[in-house]
1. Can you compute 3J(HN,Hα) from phi for each residue in the stretch 122-128, using the Karplus curve 6.51 cos²θ - 1.76 cosθ + 1.60 with θ = phi - 60°, rounded to whole Hz and x for Gly and Pro?
2. Which residues' amide hydrogens lie under 5 Å from the amide hydrogen of VAL50, considering only partners 5 or more residues apart or on another chain, with H built in the peptide plane?
3. Tabulate in residue order the Karplus-calculated ³J(HN,Hα) for the stretch 66-76, using 6.51 cos²θ - 1.76 cosθ + 1.60 with θ = phi - 60°, rounded to whole Hz; enter x for Gly and Pro.
4. Most mobile of THR26, THR42, THR198 per a Gaussian network model of the chain (Cα springs, under 10 Å)?
5. Can you tell me, using C-alpha contacts under 8 Å and at least 6 residues apart, the relative contact order of the chain as a whole percent?
6. At a 1.4 Å probe, what is the % contribution of carbon and sulfur to the accessible area of the stretch 91-168?
7. So what does the Cα-only Debye profile of the chain read at q = 0.10, 0.13 Å⁻¹, as log10 I(q)/I(0), no solvent term?
8. For the Cα atoms of the chain, what angle does the longest principal axis make with the long axis of helix 196-211, in degrees from 0 to 90, nearest 10?
Amino acid sequence: MEFFLDTADTKEIKECWDMGVIDGVTTNPSLAAKTGRNYDETIKEIATIVDGPISAETVSLDYEGMLKEAYHFAKMHKNIVIKVPMTLTAMKVVKKLASEGIKTNVTLLFSPNQALLAAKAGATYVSPFVVRFDDISEEGMLLIEHIRQIYDNYEFKTKILVASIRNPIHVRDSALIGADVATIPYSVIKQLANHPLTDIGIEKFLKDWEKVPK
Ligand code: G3P
């Protein structure tokens, strides 16, 4: 299972990349807005830090505009993945980019049928949003299970990238279901490492070490 960092903050990205715990990065307009930086510059800097897939998101909703943005990002670096929202127009863009060997990530995905369409169009990744789905009284992780089953039934190669993760349980459950990727906020990466018994254990070892003759 791959871990992507869900952020446009290059400090967080460098920290996690240096720890060896991430394989790629996902960004979106909201994450970009938080940095207060120029998006192109941010994407280019991320590509100097991370040697893995980096999702850059388009904002045009028409075919020509979306495709133009896609090429603009694609030529920045070989690792750029073009992130598009789940629309029928975007499916046309996905098909065209796939035929040219350009990777895509279909985002804002909330149903197994949307995941089927994206896979048929040739998407490299689909990004189902777990917690935003939970927030409307649906079951985010069940959505992941359904997409996994459908992709396995028909041997679709599209990767399931679990998005909108808020806590470590989502990461564990994504792994149990067999999702291909989890895109994780920096705060949750830190939570993954923590356990109170680890802290208690370290404290005890250090105390006992003081009693060992040196
Ligand atoms: O990158 C897409 C997704 O992970 C965003 O999640 O936290 O805005 O629901 P969130």
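The values are calculated or read from the model by the stated rules, or taken from the named source; none is laboratory data. Fair warning: this is a prediction, and the values are worked out from it, not measured in the lab. Here the Cβ positions follow ideal geometry from the backbone for every residue, glycine too, while neighbour counts run over all protein chains shown. Surface areas here come from the heavy atoms of the whole protein model, side chains and all, with no ligands, DNA or RNA. Shrake-Rupley method; radii C 1.70, N 1.55, O 1.52, S 1.80 Å.
1. x, 4, 6, 10, 10, 10, x
2. Long-range HN contacts for VAL50: none found.
3. 5, 5, 4, 5, 4, 5, 4, 6, 4, 7, 5
4. THR198
5. Worked out over the chain, it gives 17 percent.
6. Within the stretch 91-168, the accessible surface is 50 percent carbon and sulfur.
7. Relative scattering, expressed as log10 I(q)/I(0), comes to -0.46, -0.72.
8. Helix 196-211 sits at roughly 30 degrees to that axis.
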